[in-house]
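The structure under discussion appears below in the form of structure tokens.
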Protein chains: 2
Amino acid sequence: MNGTLYGLGVGPGDPELITLKAHRLLQGAEVIAYPAPDEGESLARTIAAPHISAGRIEIAIRVPMRSERDPAQEVYDAAAEEIAEHLAAGRDVAVLCEGDPFFYGSFMYLFGRLARDHRVEVVPGVSSLTACAAALGTPLAARDDQLVVIPASLHARQISLRLSDVDAAAIIKLGRHFAKVRDCLAASGLLGKARYIERASLETQRMLPLEEVDPAAVPYFSMILVHRRGQAWTV
Amino acid sequence: MNGTLYGLGVGPGDPELITLKAHRLLQGAEVIAYPAPDEGESLARTIAAPHISAGRIEIAIRVPMRSERDPAQEVYDAAAEEIAEHLAAGRDVAVLCEGDPFFYGSFMYLFGRLARDHRVEVVPGVSSLTACAAALGTPLAARDDQLVVIPASLHARQISLRLSDVDAAAIIKLGRHFAKVRDCLAASGLLGKARYIERASLETQRMLPLEEVDPAAVPYFSMILVHRRGQAWTV
């Protein structure tokens, strides 16, 4: 009897924002895998840490930092192979995913390699999108609104074009792209309707007016929410 | 000491997809409020039912069905007033929200009325967006993808325009708009890359090829996910 591969959304940061289902499956899995930087802590593992029992087999999938545009194929090949061996031996494997597994997550690279030949279940999680909105106290979208998620790595031209014709936007993964995004918002006349947040729901969460953000200190896990009407609701 | 208003995301349907945090706050709240149709069950309450203890004060906010474009101001006025009385009497009030409170949810109408004068905390939940992707086994977006959420109630022209220039889209709240949306996808050459799901994560969940969907039987809680590349990941 082969094991099952679980893609577990562990939520945006606060360990209490994991679902009951992910929590249960995490407790039951013999093997736990998670993405990790070259050196240091895995954010996904840190989020899930209070829920991980002792004695689990752990697989840290260390993806080189520069690989945002190249998903480090050989790293995922090796991880998929290691996971497949556990599954073949009848052990369930839980892959911890920051936020949600299928919302800009790296889990899809394991899913693409393993879903054809193995039983896979994806457990959705609270994404950074809704966590940022909750922390900022700003509804994302209402009724007929179009809401677009824009990666900050896009060209300024593309970002400005998109901002010009939607009701609401979430500009994600700001990092070193912050100044460019801020300039796009200014050019679109939306600066006054934009809100910045970093590390939503973690203890280090910060919300700042855009003009107070130091572009040199913006982390990857940050987001700007903007709504054309200033706010989504009308009372 | 006044009470706190909690906007609790209870997730997309499966009661196990509620977060530990929403579960804890739900157990502690003396008063529970939720949107409900004119007659019959509230979906949000049904989702949360296994977690609701006996003896709670319950407020069903009955919003007339035709009010999608008019958020039934007087209904929310009355509900906000009733909730405010409980808060003033020192009782915490938990408002149950399908999916996430700030992702096209009606909670914002209470938030808009009560956040200025009362302590409010929004607890993000798993949205239908990620729940549908998980059930379909189809990642929403990767790396530089732009992902747009399109309400199906928009004009065909607006839907087609948006489909023409994004990488990935989620077309939500299909209901009686299904045939129009299907025609837009066909005209955009995206029909073969679109996937349909209704009532994600509920026991009545169904996934169908678009050509097998009966347009007369599409529920409001349904969604089409589409990705220009057919799938978000490349292996």
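Both radii come from the Cα set of the stretch A:128-227: Rg as radius of gyration, Rh as Kirkwood radius; their ratio Rg/Rh reads 0.93.
Working note: Debye formula, equal point scatterers on the alpha-carbon atoms of the protein assembly as shown, no solvent; log10 I(q)/I(0) at q = 0.06, 0.10, 0.11, 0.13 Å⁻¹ is -0.25, -0.72, -0.88, -1.27. The angle between the Cα long axis of helix A:178-187 and the longest principal axis of the Cα atoms of chain A comes to about 40 degrees, rounded to the nearest 10. Going by alpha carbons, how many degrees (0 to 90, nearest 10) lie between the helix axis of A:73-88 and the longest principal axis of chain A? Roughly 40 degrees between the two axes. What you get for the stretch A:128-227, charging only the Cβ of Lys and Arg (+1) and of Asp and Glu (-1), is a dipole of about 220 debye around the Cα centre.
Dividing the C-alpha radius of gyration of the stretch A:83-145 by 2.2 N^0.38 Å, with N its residue count, gives 1.51. In the stretch A:83-111, the residues whose accessible area drops by at least 50 square angstrom when the other protein chains are added to the isolated chain are A:F102, A:Y104, A:M108, A:Y109; the probe is 1.4 Å and only protein heavy atoms count. Surface listing: B:E211, A:E203 arranged by accessible area from highest to lowest gives A:E203, B:E211, probe 1.4 Å.
The calculated FRET efficiency for the pair A:A54 and B:A49, based on their C-beta separation and a Förster distance of 35 Å, comes to about 0.50.
The listed residues A:R113, B:R91, once ranked by accessible area (1.4 Å probe) with the largest placed first, stand as B:R91, A:R113. Measuring heavy-atom accessible area with a 1.4 angstrom probe and counting protein chains only, the residues of the stretch B:209-235 that give up at least 10 Å² relative to the chain alone are B:W233, B:T234, B:V235. Ligands, DNA and RNA left out, the 1.4 Å accessible surface of the protein assembly as shown is 49% carbon and sulfur atoms. Protein-only accessible surface at a 1.4 angstrom probe places the residues A:R157, A:R116, B:R206, A:R56 in the order A:R116, A:R157, B:R206, A:R56, largest first. Amide hydrogen proximity for A:T4: with H placed 1.01 Å from N in the peptide plane, the residues at 5 or more positions away or on another chain lying under 5 Å are A:D92, A:V93. A Förster distance of 30 Å, applied to the separation of the beta-carbon atoms of B:L191 and A:R119, puts the FRET efficiency at 0.50. Distance from the C-alpha centroid of the stretch A:145-201 to that of the stretch B:144-211: 24 Å, rounded to the whole angstrom. Shown for A:R157: label points 7 Å from Cα along the beta-carbon vector, and their distances to the equivalent points in the other copies, 2.7 nm in ascending order. Taking all protein chains as they are arranged and a probe of 1.4 Å, the heavy atoms of A:C97 leave approximately 10 Å² accessible to solvent. For chain B, the normalised intensity computed at q = 0.09, 0.12, 0.13 Å⁻¹ comes to -0.41, -0.71, -0.81 (log10 of I(q)/I(0), Debye sum over alpha carbons, equal scatterers, no solvent).
Chains B and A: buried accessible surface, both sides, probe 1.4 Å, rounded to 100 Å²? Mind dumping the intermediate values first?
Values: alone 12220 and 12210 Å², together 19340 Å².
Answer for the B-A pair: about 5100 Å² buried.
Accessible area per residue for the stretch A:4-123 is 41 Å², calculated with a 1.4 Å probe on protein heavy atoms, without ligands, DNA or RNA. Each residue of the stretch A:11-20 was assigned a 3J(HN,Hα) from its phi angle through the Karplus expression (A = 6.51, B = -1.76, C = 1.60, θ = phi - 60°), giving x, x, x, 5, x, 7, 8, 8, 7, 4 Hz with x at Gly and Pro.
How many Å² of accessible area per residue for the stretch B:138-235, probe 1.4 Å? Heavy-atom accessible area per residue stands at 43 Å². By DSSP, what percent of the beta bridges with both residues in the protein assembly as shown are antiparallel, rounded to the nearest 5? If I count the DSSP bridges inside the protein assembly as shown, around 40 percent turn out antiparallel. Of the three principal axes defined by the Cα atoms of the stretch A:1-117, the extents in descending order read 35, 33, 24 Å.
The values are calculated or read from the model by the stated rules, or taken from the named source; none is laboratory data. Everything numeric in this text was worked out from a predicted model, so none of it was measured. Every residue, glycine among them, receives a Cβ derived from its backbone with ideal geometry; neighbour counts consider all protein chains shown. For accessibility, only protein heavy atoms count, side chains too; no ligands or nucleic acids. Shrake-Rupley method; radii C 1.70, N 1.55, O 1.52, S 1.80 Å.
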